[in-house]
Every structure is written in structure tokens, then in C-alpha cells.
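Colleague: Below is a structure I'd like to ask you about.
Read-outs: derived from the displayed coordinates by stated rules, not from any lab. A quick note: this is a predicted structure, and the numbers were derived from the prediction, not measured. With ideal geometry, Cβ positions are generated from the backbone for all residues, glycine too; neighbour counts draw on all protein chains shown.
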Amino acid sequence: MGNRRDFLTAGGLALASLAVPTIARAAGPVEIQMRSTPRGEEVWFDPIGVRIEPGQTVRWIMASPGNPHTTTAYHPRNANHSLRIPEDAAPWDSGFLVKPRDTFEVTLSVEGVYDYFCLPHEAAGMVGRIVVGRPGGPGALPFDYFVGRATTPAWIPVPEAAQAAFPGVAAIVSNGAVRRR
């Protein structure tokens, strides 16, 4: 009987440990490098598109010396740019990152598509896209969705070179990350 009791006790403890819920650890920050060629002929975010879960942090890292960069959300509060992040999301603007390894972080909790740009290099196509959870919101709409609306006449549209640089939402969702073309 002692052996049976020991077996049942040990087995009961083993079964009890299976019933204890495990705590899922939040994924670490997703890192996006801000890059450029030495003379600045080419500038880009790497990766240019990423998919994350709600509540995850994105960290931009200044990776190339010589060319200051920003990460700035497409939002009317950022120099009247058109809205290309979820309506309930807070816009961000890193200010200029200058030195190699300078960083800026933002935690994104609202699901949807977030488009952002580098302030001095937007016209050169230095833009990026983040899909948080399920795609949706203004960032998933055509670039000119706001044209003709009475409440948006002062919004600045996304430049054509920037529009051409954005990776597709479907590619980001299926691959998790997209590098520049």
C-alpha cells in the first residue's frame, strides 16, 4: 500500500502541475534600423515592414553615421500629415536621432496599420509600415482616401516616392517582416 500511495501522490503532483496555467511572456521589442549609404544617396528603414502583436514595443536604432533620421507617425499632429495610423492610436515623433546607436521606442496597443516616415527623408521614400494584430484603419486605405473631405483640407498627402516605397499589408502579414526592395 505504501508503494501505491507514493505512486498516487507523485502522480497527483504531476497531474496538478499540468493544470497550473503558464504565464506567457511578452515578446521583446522589434528592432528597426535607420540606415543610409555613407554619402546619403540612399536612406531606408530595415525592415521596412513588420507585424507585431498588440502591446509590443518597436525600437528604432540609428545604424548609419552621418545622416540624422526621425521616426514620425503619419498624423495631422505631425506637421499636418495625413492620418495613416489607427484613429485611437497616439502619434509619435522621435525628434532627430544623430549618433550611431541612438534609439527611440514606442509601444503600440491599438490594432491596425501604422505608417511612418523619416522627416528629412520622406520625399526620398524613407517610410515604414507596422501591422499591429489585424490590419485596418486609415493606414490600410488608399493614400488619397481623405481628399475632398471638409475636415481634412490642410492635410499633406504622402509624396509619390514614399507611396511607391511602402510594402503591401498582405506581404507583411504573410511574412512577418519585409525588407526594402
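Colleague: Inside the stretch 72-108, can you point out the residues that are touching an Asp or Glu at 6+ places or on another chain (Cβ under 8 Å) and either loosely packed, with under 13 Cβ neighbours inside 10 Å or among the hydroxyl-bearing types (Ser, Thr, Tyr) (or both)?
Modeller: Residues satisfying the conditions are THR72, TYR74.
Colleague: Follow-up. Say we look at the stretch 138-170 and pick out the residues that are crowded, with 16+ Cβ neighbours inside 10 Å, over 19 Å from ASN80 (Cβ atoms) and among the small types (Gly, Ala, Ser); which of these is nearest to the chain's Cα centre (by Cα)?
Modeller: Across the stretch 138-170, the extreme among qualifying residues is ALA140.
Colleague: Residues of the stretch 68-100 being more than 15 Å from PRO138 (Cβ to Cβ), in a loop (DSSP other than H, G, I, E, B), of a type outside the set (Lys, Arg) and free of Cβ contacts under 8 Å to residues at least 40 places away in the same chain, which ones?
Modeller: Correct list: TRP92, SER94, GLY95, PHE96, VAL98, PRO100.
Colleague: Follow-up question, since we're still on this one. Among the residues of the stretch 106-121, write down those that are in a loop (DSSP other than H, G, I, E, B) and touching a residue at least 60 places away in the same chain (Cβ under 8 Å).
Modeller: Passing the criteria: only CYS118.
Colleague: Something else now. I'd like the full set of residues that are touching a residue at least 24 places away in the same chain (Cβ under 8 Å) and among the β-branched types (Val, Ile, Thr), limited to the stretch 122-178.
Modeller: If the condition is that a residue be touching a residue at least 24 places away in the same chain (Cβ under 8 Å) and among the β-branched types (Val, Ile, Thr), then VAL127, ILE130, VAL131, VAL132, THR152, ILE156, VAL158, VAL169, ILE172, VAL173, VAL178 are the ones that fit.
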